[in-house]
1. What are the principal axis extents of the Cα atoms in segment 88-200, in Å, biggest first?
2. When a/c is below 1.5 the answer is rounded, else prolate if a/b is larger than b/c, else oblate, so apply that to segment 164-235 with a ≥ b ≥ c taken from the square roots of the Cα gyration tensor eigenvalues.
3. In whole angstrom, how far apart do the alpha carbon centroids of segment 79-101 and segment 109-168 sit?
4. Calculate the spin-label point distance for residue 265 paired with residue 197, positioning each point 7 Å from the Cα along the beta-carbon direction, and give it in nanometres.
5. Run lengths n ≥ 4 of DSSP H only: what is the helix-derived mean residue ellipticity at 222 nm for the chain, with -39500 (n - 2.57) per run over all residues, to the nearest 500?
6. In degrees between 0 and 90, to the nearest 10, how far off the longest principal axis of the chain does helix 233-242 point, with axes built from Cα atoms?
7. Quick one: divide the alpha-carbon radius of gyration of segment 47-110 by 2.2 N^0.38 Å and tell me what you get.
8. How far, in degrees from 0 to 90, does helix 48-58 lean away from the longest principal axis of the Cα atoms of the chain, to the nearest 10?
């Protein structure tokens, strides 16, 4: 099982056996934040995927609160409140953006005005949309019923290198950036500790949701599943720039992570065919 090293930092049996190329990151709910935590400046836009990448690649504690996370999608993903449907105008705008942009907007004049007001680098996103849904009605259905909605009672959400995390912290999930071989090992281990044949959720939605909100929902499930992520355009761009083009994420809700930790010294990682596969 997971051990706490001298000084309180966590040692993972999964990491010890898997030896992943990139460090896993814990998602922590907290009412306090270390002084050197990487945050966006208040009022300045930033994507939370960047915070996750800094935690994994550079070993930094990163995170934010309702004041420093200005992206509505990022706040919703982190569990800091959802306002996609706070008004009819916002609902129409986000439903259009999540589907086919200007083509999907029911109030095209208002949408066009908004599109022309945003920075030039964003205009193509507004014009063409994210294409996560083929029409605005399906996008609205996702907003109302697809996205797990949280407004947590904690001030901060942290992306913290697992190795720097104390076992008594309020860890909600652990994100593993993985290549296809590492992914196969983790999925096999996850499937080995649960009944059934479906150990992984592959949710539709922005890439930030797959490492946070959907994992939060799995924590509350009677049979928590891992969540596969970084399948969208934003996620693939982040992986290419900050990791490697072949890297995805597999996020383990805490109860599943703990169960996998208990089994990690006697699982697929110990069989000869796995050792041949990874060259050990």
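Quick note: the coordinates plus some simple rules give every number you see, no bench work behind them. The model shown is predicted, which means the values in this text are computed figures rather than measured ones. Here the Cβ positions follow ideal geometry from the backbone for every residue, glycine too, while neighbour counts run over all protein chains shown.
1. Result for segment 88-200: principal-axis Cα extents of 52, 35, 27 Å.
2. Judged from the Cα gyration tensor, segment 164-235 comes out rounded (a/c under 1.5).
3. If you average the Cα positions of each part, the centres end up 8 Å apart.
4. Between residue 197 and residue 265, the label points sit 3.4 nm apart.
5. It lands at -11000 deg cm²/dmol.
6. With both axes taken from Cα atoms, the answer is about 50 degrees.
7. Values: Rg = 15.0 Å, N = 64, 2.2 N^0.38 = 10.7 Å.
Dividing the Cα Rg of segment 47-110 by 2.2 N^0.38 Å gives 1.40.
8. The two axes meet at around 30 degrees.
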